[in-house]
Amino acid sequence: MTDVSIYTLFSGSSGNSCYVKCGDTEILIDAGKSKKAVDTALRQIGSSLSNIKAIFITHEHSDHINGLKMISKYYSIPVYAARGTSEMLINDVPDHLINVYEAGDTLEIDDIKLYTFRTPHDSKMSTGYVIEYNGRRFGYATDMGMLSLKIADMLAECEAAVVESNYDLDMLRNGPYPYVLKRRIESSVGHLNNTDCARLVSYLASHKTKKVLLAHLSAENNTPDIALKTVIDRLAQDNLCADVCVADRFCPTMLV
């Protein structure tokens with residue numbers, strides 16, 4: 001078994017970040033809270049910002065990049081972002097630290113490969129990642145308004161994955177949000193609901209995926225119990241099995 005460790009540091013509309021360690025290489029996906037909050041979370045799992053070799057950004061919304069400006073001020077960590085997203089980081093990250101890629105490109109850092117793919121979200125360019133190390137694959141896909149076969153097939157090769165389960169449809173429709181915001185969340189470029197997430201997890205479980213972390217849950221339109229039950233019920237209906245957990249909103253949660 002190779003040396004791999006993956007945690008969501010925090011997950012939700014208040015901030016998102018994921019820690020990945022493969023061998024001696026440590027990276028982050030997103031930095032959606034303050035420099036202090038990111039470093040505190042890293043220290044809780046035995047690391048720190050000084051160990052991070054690169055930060056990979058999914059998209060430019062504030063809950064994914066809030067910490068970038070101060071992190072980039074104090075640490076010379078390369079930042080990787082898709083074209084479109086990268087253009088929105090010019091006020092936060094010095095030019096020499098920004099590495100631009102096209103969605104679909106394969107990136108490499110030390111012995112890690114990252115396969116990038118587009119996710120349907122109302123941003124300049126939103127991407128997910130598949131991390132490959134020593135023949136093992138792990139997926140990360142949040143902020144997607146709808147499923148696609150491309151995304152499902154990318155993640156199906158992964159032994160474990162972080163996937164979005166943002167909202168319960170009834171809670172959203174009957175909740176306090178303004179109508180325009182409800183429409184935006186429910187749209188094909190909004191967020192993924194529990195039912196569609198359950199479909200995705202079932203598909204992954206029918207392939208190689210053994211463990212799934214449900215992420216980016218809405219505080220207003222979802223609960224961990226509802227999200228988890230929706231997925232577990234779908235797996236039971238399809239006679240499939242996977243280890244499914246919910247990422248904590250504020251604290252590190254282990255995927256592998």
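In this structure, N166 qualifies as at pLDDT 95 or above and under 25 Å from P224 (Cβ atoms).
Taking the range 203-229 as the range and being open to solvent by less than 40 Å² (accessible area, probe 1.4 Å) and in contact with a helix residue (DSSP H, G or I) (Cβ under 9 Å, 6 or more places away or on another chain) as the test, the residues that pass are L204, A205, T209, V212, L214, H216, L217, S218, N221, N222, A227. Among the residues of the range 82-109, those identified as open to solvent by less than 50 Å² (accessible area, probe 1.4 Å), out of contact with any helix residue (DSSP H, G or I) (no Cβ under 8 Å at 6 or more places or on another chain) and either on the phi < 0 side of the Ramachandran plot or aliphatic (A, V, I, L, M) (or both) are A82, T85, S86, Y101, A103, L107, I109. Between S14, S72, S76, the distinction of being open to solvent by 10 Å² or more (accessible area, probe 1.4 Å) and in contact (Cβ under 8 Å) with a residue 60 or more places away in the chain belongs to S14 only. Within the range 214-243, residues that are at positive phi and modelled with pLDDT of 95 or more reach partners that are in a loop (DSSP other than H, G, I, E, B) and β-branched (V, I, T) with beta carbons closer than 9 Å, at six or more positions or on different chains, in the pairs H216/T142.
Screening the range 110-195 for strands (runs of 3 or more DSSP E) wholly inside it with 1 or more residues that are open to solvent by 40 Å² or more (accessible area, probe 1.4 Å) and in contact (Cβ under 8 Å) with a residue 12 or more places away in the chain returns the ranges 112-118, 127-133, 136-141.
Looking only at the range 18-32, residues that are without any contact (Cβ under 8 Å) to a residue 60 or more places away in the chain and either among the small types (G, A, S) or closer than 16 Å to N66 by Cα (or both) come to 4 in all.
The values are calculated or read from the model by the stated rules, or taken from the named source; none is laboratory data. Quick caveat: nothing in here was measured; it's all calculated off a predicted structure. So basically every Cβ, Gly included, is an ideal-geometry build from the backbone, and we count neighbours across all protein chains shown. To get the accessible areas, we keep the full protein, side chains included, count just its heavy atoms, and leave off ligands, DNA and RNA. Shrake-Rupley method; radii C 1.70, N 1.55, O 1.52, S 1.80 Å.
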